[in-house]
Amino acid sequence: MIVPVYNTRDYLSRCLNSLLSQTLPHIEILAVDDGSTDDSGDILRRYARQDRRLKIVQHDENRGLHVTRISGVLAATGDYIGYVDSDDYVASDMFELMHARAIEHRADVVRTGATLLREESSEPGVGSLLTFAERTYSSGVDYLDDDFYPSMWLHLHRRHLWDLALPHMPRVRLVGEDNLTSFMLAFFAGPVVSLASASYFYVERDNSLSGDQSFANVVRHIEDRGRIVKLLRTFLGGHGDRAERGWSTVRDSNRGLLFSYIDSLTTRSERLNAIAVFESTWNEEIPASRKVEWQA
């Protein structure tokens, strides 16, 4: 399992405890400290001394979630790789269930569901559910075109998918990176299994990057997500233009998210400036009705 860590000392022990209590034997936990400036590194070292299954990969400076996950993958030795953000946690049997289904179906990818929690009530039983139908897809392209959901922390990937996808991935800081990474990994996959369980506990924090809707962060989302959509368009063009429906879904969902972010800006000048960035970055026409709403 890959665990990116950056200044999450208040949540890290809960995350590590949930991983070290997994019922799947012979697990490897790779915690990548992405240049933390709080006590996260000390917590990792204390746990690593107590349990040899936990290994630490250290970044000298903060490089962002996308590059941090790649660092973990490059250090991993297992046949399957899962992902847990360090402010989240998982049910004790989550990876055993996912791994068993991967072996049973000879699957390259297994997806589970999640329980979505607010930080102030981050215990099981009080969150909303993100779940999917129990089914098997014959290929990753079928999955992309039908029911793709990009969050990396919902997935277990066979390691060889990374070997195929990494040459096509830029190793730079990105917002919305799961849209790129999860898509490319699925594209190269054979069978994909979707589980109906909700064993991952995702904790939404107000001070997280996804929760920051300041003007600067909205602009960053617009630019990075536009870059990702274009990268995927170029990637598919070099691989026979398959998974077009999946790409359209990624484009439309990101565009809709950005519309909501722009709508959330508090001043007219911020909205107009964000619209200008959107038009120049995405090179796509914004519906006239949307422009009227924004400029009102």
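The values are calculated or read from the model by the stated rules, or taken from the named source; none is laboratory data. Predicted model only: the values in this text are computed from it and were never measured. Cβ sites come from the backbone with ideal geometry, for glycine too, and all protein chains shown count toward neighbours.
Out of Ala114, Ala100, Ala91, Ala107, one residue alone is touching a residue at least 60 places away in the same chain (Cβ under 8 Å), closer than 24 Å to Asp163 by Cα and assigned by TED's automatic domain parsing to the domain that holds Leu156. It is Ala107. Taken over region 12-46, residues that are surrounded by fewer than 21 Cβ atoms within 10 Å (Cβ to Cβ) and under 18 Å from Ser92 (Cβ atoms) amount to 13.
A single member of Tyr149, Tyr137 is aromatic (Phe, Trp, Tyr) and either more than 17 Å from the chain's Cα centre (by Cα) or over 26 Å from Thr249 (Cβ atoms) (or both), and it is Tyr137.
Condition check ((1) in contact with a Gly (Cβ under 7 Å, 6 or more places away or on another chain); (2) part of a loop (DSSP other than H, G, I, E, B); (3) touching a residue at least 40 places away in the same chain (Cβ under 8 Å)) across all residues:
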position: Leu185; (1), (2), (3): no, no, yes
position: Ala189; (1), (2), (3): yes, yes, yes
position: Phe201; (1), (2), (3): no, no, yes
position: Asp224; (1), (2), (3): yes, no, yes
position: Leu231; (1), (2), (3): no, no, yes
position: Ser248; (1), (2), (3): no, no, no
position: Asn254; (1), (2), (3): yes, no, yes
position: Glu270; (1), (2), (3): no, no, yes
position: Ile286; (1), (2), (3): no, yes, no
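Can Asn283 be described as exposed (fewer than 13 other Cβ atoms within 10 Å of the Cβ) and in contact with a helix residue (DSSP H, G or I) (Cβ under 9 Å, 6 or more places away or on another chain)? Considered against the rule, which asks whether it is exposed (fewer than 13 other Cβ atoms within 10 Å of the Cβ) and in contact with a helix residue (DSSP H, G or I) (Cβ under 9 Å, 6 or more places away or on another chain), Asn283 comes out as yes.
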